[in-house]
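Have a look at the structure below before the remarks.
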Amino acid sequence: MEVSAALKPTVVVIVGAGGDLTWRKLVPALYDLFSDKWLADRFVVIGVDRKEMRDDGFREHLREGVDQFSRRGRTDEKAWSTFASHLNYLTTDFAIPGGFSSLSDRVREQEKTWGAKPQIVFYLAIPPTMVEVTMQQMGEAQLCQDRDRVHVVVEKPFGRDLISARALNRLLTGTLAESQIYRIDHYLGKETVQNILAFRFANALLEPIWDRRYIDHVQISVMERVGVEHRGAYYEQAGALRDMIQNHLFQILCMIAMEPPVSFQADEIRNKKVDVLHAIRTIHPDLVHEVAVRGQYGPGWIQGEHVPGYRAEPNVALGSSSETYAALKLFVDNWRWQDVPFYVRTGKRLVAKVSEVSIQFRPVPHQPFPVEALGEWQPNRLVIRIQPEEGISIRFQAKQPGLAMRLRPVDMRFSYREAFDGPTPAAYEMLLLDIMRGDATLFMRADQVEAAWSVVSPVLDVWGAVAPMDFPNYQAGTWGPEAAEVLIARDGRSWLQPAISEDEEEKESSE
Ligand SMILES: NC(=O)c1ccc[n+]([C@@H]2O[C@H](COP(=O)([O-])OP(=O)(O)OC[C@H]3O[C@@H](n4cnc5c(N)ncnc54)[C@H](OP(=O)(O)O)[C@@H]3O)[C@@H](O)[C@H]2O)c1
């Protein structure tokens, strides 16, 4: 690994440092990286936000977040004070002219102290509506001119449709080179998501059967047990299709469907992913009702607790049409995948929190066993579990012990936890380190984001034009709306209902 790039003198400017993302994700990840010695000694964080705070108050506030969310658990005094000495805070309203001038001065001071020009990461931890004005002010303050040293990180959501994503890309590339922009999708920082690439391309076993001749269909499920929590206002504007499918689920789909890369260069991987997005069959508006399902949760019971419906959540309209569940059936029109359906689904307030990819293989071409042996026969299936219990399992048939020939499906399992020692770094650790190394492999390029929006555009248009008449159409604590079952049942298939062990239940509730 290229440690040296991360160890260069580094200034991380968190724009919007008084917010939730900084508190829950960014600073705990930086703390863990620092504690594992991935960061340079010459490393500072400058938090900018309009909240009135001094360095001490900022550090105290962040410590609470680190205590709760660092993978090391609570901080001890010594470790914390060493790390905290690298944290600084500037109160400013960066939306007003001159808002960034104190930051420019602060960065120059740091350069003088170090006697070196540091790399500077601007992390825009701000609401999407603030990006335009912030970029304008950063441009005015001439903070981003050095193309080799300055990186700018833009959080999701990246636009809310194709038009706004294009406008945002134009805005960013007006001030920055594409190589300076890191569009983050934290899903890509997850170990198990990256492991899909290792599994597919570091093993000769799979490639010969990884296509339409052997694979019947693919399912990608990202299921959540939580509701919208405090994000009602955002979710009202977003919905599950925008919030999850256009980014996270499509990233996974790309990794499953992409052609083998020639190298692990950032652009090579990203080119192969964009090829997949371009090959996804355009959904005709007249067919949206056949290939797309939306749902919204009503009240229900989860783990013995009564939970409200979406429309009763804070900051949600009484008659809201926002979907909290979405499922799509897609086709990737190329030689490898022609006519193999990819079913993707995501939802909130479901039975459990599970993310997994299920690759269903075709049945054997000829069944030589007597009918009595086949009672429980099922085709082969490969399941890549992304969370909670990360791993891979392969289902195959075995002879049931006994005097008669009876076949029964069994699972061969690989568990990350059992196979590898040590804690798994959080997704944000991996991504922050990659930004400091200048490695954009796990970040979305402009064309990738736009291609993903193009795929969902027809569905967004139809759903935006026709209000759902049946919302809420699934009860909290179930696996989602019946229409999603119908979507897949029409093809003679069914969703794989994830098996949740008691261990996993415990792990999830402690997350
Ligand atoms: N939170 C998460 O877990 C999470 C996860 C994935 C992605 N994201 C994305 O990350 C971004 C940040 O999310 P967040 O939850 O941290 O948002 P947030 O809690 O609203 O934080 C934004 C911060 O920026 C400050 N701010 C806004 N306008 C300002 C201005 N003109 N001058 C100075 N400070 C200003 C806000 O101050 P006020 O409070 O005074 O407005 C707030 O402290 C969003 O794009 C979000 O979609 C967040």
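No lab work stands behind these numbers, since they all come straight from the coordinates. Small disclaimer: the values here were computed from a predicted structure and weren't measured. Virtual Cβ from ideal backbone geometry, glycine too; neighbours counted across all protein chains shown.
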Segment residue 305-residue 264, extension gain: residue separation times 0.36 nm, minus the distance between their alpha carbons: 10.1 nm
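Beta carbons within 10 angstrom, averaged per residue: use that to sort the peptides 54-60, 81-87, highest first.
Working: 54-60: 15.1, 81-87: 17.1.
With the highest mean Cβ count within 10 Å placed first, the list reads 81-87, 54-60.
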Partner aspartates and glutamates for residue 329 [C-alpha distance under 19 Å; skip if fewer than 8 residues away on the same chain]: 211, 216, 243, 275, 286, 290, 339, 356, 461, 482, 485, 491
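What value, in deg cm²/dmol to 500, does the helix sum -39500 (n - 2.57) over DSSP H runs of n ≥ 4 give at 222 nm once divided by the residues of the chain? Don't skip to the answer; put the middle values down first.
Values: 17 runs with 169 residues, N = 511.
Rounded to the nearest 500, the figure is -9500 deg cm²/dmol.
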Peptides 175-186, 99-110, 487-498 ordered by average Cβ neighbours within 10 Å, highest first: 175-186, 99-110, 487-498
Förster radius 22 Å - calculated FRET efficiency between residue 142 and residue 117 (Cβ-Cβ, nearest 0.05): 0.95
Along principal axes, Cα extents of region 171-267, largest first, whole Å: 47, 39, 22
Placed amide H near residue 217: partners under 5 Å, 5+ positions off or other chain: 360
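Summing Lys, Arg as +1 and Asp, Glu as -1, what charge do residues with Cβ under 13 Å from the Cβ of residue 357 carry, residue 357 excluded? Write down the numbers at each step before the final one.
Details: positive: 190, 200, 345, 381, 385; negative: 356, 390.
Once positives and negatives cancel, what remains is +3.
Could you tell me the relative contact order of region 161-261? Use alpha-carbon pairs under 8 Å, at least six residues apart, and round to a whole percent. Provide the component values of the computation, followed by the final result.
Numbers: 24 pairs, mean separation 33.9, N = 101.
Here the relative contact order equals 34 percent.
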Reachable aspartates and glutamates from residue 399, criterion Cα separation under 17 angstrom, eight or more residues apart if same chain: 372, 376, 411
Order of 96, 384 under a 10 Å beta carbon neighbour criterion, fewest first: 96, 384
Selected from 122, 363, 469, residue furthest toward positive end of dipole (the chain; charges at beta carbon): 363
Distance between modelled label sites at residue 233 and residue 465, nm, 7 Å Cα→Cβ extension: 3.2 nm
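Note down the net charge around residue 333, summing +1 for each Lys or Arg and -1 for each Asp or Glu among other residues with Cβ under 12 Å from its Cβ. Working shown, then result.
Numbers: positive: 212, 281, 336; negative: 275, 339.
Taking every Cβ under 12 Å from that of residue 333, the sum is +1.
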Calculated from backbone phi, Karplus (6.51, -1.76, 1.60) coupling profile of region 416-429 in Hz, x at Gly/Pro: 4, 4, 6, 7, 10, 7, x, x, 8, x, 5, 4, 5, 5
Sorted by Cβ density within 10 Å, fewest first, the residues 44, 456: 44, 456
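Here is the link list: 37/117; 25/273; 112/190; 25/117. Which ones come out longer than 32 Å on Cα distance? Each step should come with its number before you reach the end.
Numbers: 37/117 21 Å; 25/273 27 Å; 112/190 37 Å; 25/117 27 Å.
Pairs exceeding 32 Å: 112/190.
Averaging sequence separations of C-alpha pairs under 8 Å and six or more residues apart, then dividing by the length of region 207-291, give the relative contact order as a whole percent. List each step's numbers first, then the result.
Numbers: 26 pairs, mean separation 16.9, N = 85.
RCO, region 207-291: 20 percent.
Among 437-449, 270-282, what's the highest-first ranking by average C-beta atoms within 10 angstrom per residue? Working shown, then result.
Working: 437-449: 20.7, 270-282: 18.9.
The most tightly packed comes first, giving 437-449, 270-282.
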Relative contact order for the chain, counting Cα pairs under 8 Å that sit 6 or more residues apart, in percent: 17 percent
Table column - 3J(HN,Hα) (Hz), region 198-213, Karplus curve with 6.51, -1.76, 1.60, x for Gly and Pro: 4, 4, 6, 10, 10, 10, 6, 4, 8, 3, x, 10, 8, 6, 4, 6
Centroid-to-centroid separation of region 161-224 and region 427-476 [C-alpha atoms, Å]: 10 Å
Other-chain or far-sequence residues with amide H under 5 Å of residue 307's (modelled H): 300, 301, 302
For region 458-467, Karplus couplings with θ = phi - 60° (6.51, -1.76, 1.60), whole Hz, Gly/Pro x: x, 5, 4, 4, 5, 5, x, 7, 10, 5
Within straight-line cross-link reach of residue 8, aspartates and glutamates at Cα separation under 20 Å, skipping those fewer than 8 residues along the same chain: 32, 36, 41, 109, 111, 146, 148, 429, 434, 439
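Give me D for the chain in µm² s⁻¹, whole number, from Stokes-Einstein with Rh from the Kirkwood sum over alpha-carbon pairs, 20 °C and 1.002 mPa s. Mind showing how you got there, number by number?
Working: Rh = 24.6 Å.
Taking Rh from Cα pairs, D becomes 87 µm²/s.
Provide, as a two-decimal number, the C-alpha radius of gyration of region 1-157 over 2.2 N^0.38 Å, N being how many residues it has.
On the way: Rg = 15.0 Å, N = 157, 2.2 N^0.38 = 15.0 Å.
Normalised Rg, Cα atoms only: 1.00.
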